[in-house]
1. Report yes if PRO44 is in contact (Cβ under 8 Å) with a residue 60 or more places away in the chain, closer than 30 Å to GLU149 by Cβ and touching a strand residue (DSSP E or B) at 6+ places or on another chain (Cβ under 7 Å), otherwise no.
2. Only one residue in GLU138, GLU113 is on the phi > 0 side of the Ramachandran plot, modelled with pLDDT of 95 or more, assigned to a loop (DSSP other than H, G, I, E, B) and charged (D, E, K, R), so which one is that?
3. Within segment 19-59, which residues are of a type in the set (Lys, Arg) and part of a loop (DSSP other than H, G, I, E, B)?
4. List the number of the failed condition for LEU190; all other conditions in (1) modelled with pLDDT of 90 or more; (2) at positive phi hold.
5. Return the only residue of PHE64, PHE31, PHE21 being aromatic (Phe, Trp, Tyr) and farther than 24 Å from PHE172 by Cβ.
6. Select from segment 46-81 the residues that are under 23 Å from the mean Cα position of the chain (by Cα) and among the acidic types (Asp, Glu) and list them in ascending order.
7. Looking at PHE16, PHE64, can you tell me which residue is of a type outside the set (Val, Ile, Thr) and either outside any helix (DSSP H, G or I) or surrounded by fewer than 17 Cβ atoms within 10 Å (Cβ to Cβ) (or both)?
Amino acid sequence: MHRFRLKPRYQLIFLFLWILFVLYPNPYRLFVSALRVLYPPVDPDAVESIAHAAPRTPREMERFVLREFPYQYDWKTYNVPWYFPTTEEAMRAGTGDCKTRFVVLASLFEREEIRYEKTVSLSHFWINYEGKEETALERPEHAWLVQDEEGRRVQVPEEDLRDVWDAFRKAFWDPMPPERKVLFLMGPPLAILLGAGRWFSPHRRDES
């Protein structure tokens, strides 16, 4: 009886789909999140419930958002490794990572007609505005994408890749639920077994 064996290219396809569905049971959340990097879902109307309590100066408004939206990784907030919420979703959750704070702060700025820039690095999202205090994470040279009222520009980031890798590990791997880690790690050996033809073969031949 012939063994079922995947060709190498189908092994890679199998592994890709396995990892995709382990991390994103609903892949739409990944695809829409990637789109929202270029088109952030800023919505001034969605922040109406907190707008009356928010300060009016940009710096104090940013501190208000950092305080009102405690930091939490996407694994805990949305049960996926990386998700870019809409402003409404961020408001409902009341917590989240830099993307949540990014979209809420941008919405407050637009509501108050404050000029700002949407800034994206390899590991962080933040809002730039006049008088903003620079931090280790939020430096102009780290950005690869900057968006403002005049449009969008892409640049080559100057960022230490070791810091980027460390940020990814802390956000994606460390907080991943144990059962998802097990399923994730099962992908490569399953692909190898399917490629070797060790499954669906009730009668093994003596190949010696």
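1. Details: in contact (Cβ under 8 Å) with a residue 60 or more places away in the chain: yes; closer than 30 Å to GLU149 by Cβ: yes; touching a strand residue (DSSP E or B) at 6+ places or on another chain (Cβ under 7 Å): no.
Against the criterion (in contact (Cβ under 8 Å) with a residue 60 or more places away in the chain, closer than 30 Å to GLU149 by Cβ and touching a strand residue (DSSP E or B) at 6+ places or on another chain (Cβ under 7 Å)), PRO44 does not qualify.
2. Working: GLU138 fails: on the phi > 0 side of the Ramachandran plot.
None of the others qualify; the one that does is GLU113.
3. Scanning segment 19-59 gives a single hit, ARG56.
4. All conditions pass for LEU190, except number (2).
5. Details: PHE31 fails: farther than 24 Å from PHE172 by Cβ; PHE21 fails: farther than 24 Å from PHE172 by Cβ.
Of PHE64, PHE31, PHE21, the one residue that is aromatic (Phe, Trp, Tyr) and farther than 24 Å from PHE172 by Cβ is PHE64.
6. GLU62, GLU68, ASP74
7. Working: PHE64 fails: either outside any helix (DSSP H, G or I) or surrounded by fewer than 17 Cβ atoms within 10 Å (Cβ to Cβ) (or both).
Being of a type outside the set (Val, Ile, Thr) and either outside any helix (DSSP H, G or I) or surrounded by fewer than 17 Cβ atoms within 10 Å (Cβ to Cβ) (or both) holds for just one of PHE16, PHE64, which is PHE16.
The values are calculated or read from the model by the stated rules, or taken from the named source; none is laboratory data. In this text the structure is predicted, and so the values were computed from the model without any measurement. Every residue, glycine as well, gets a Cβ built from its backbone with ideal geometry; the counts of neighbours run over all protein chains shown.
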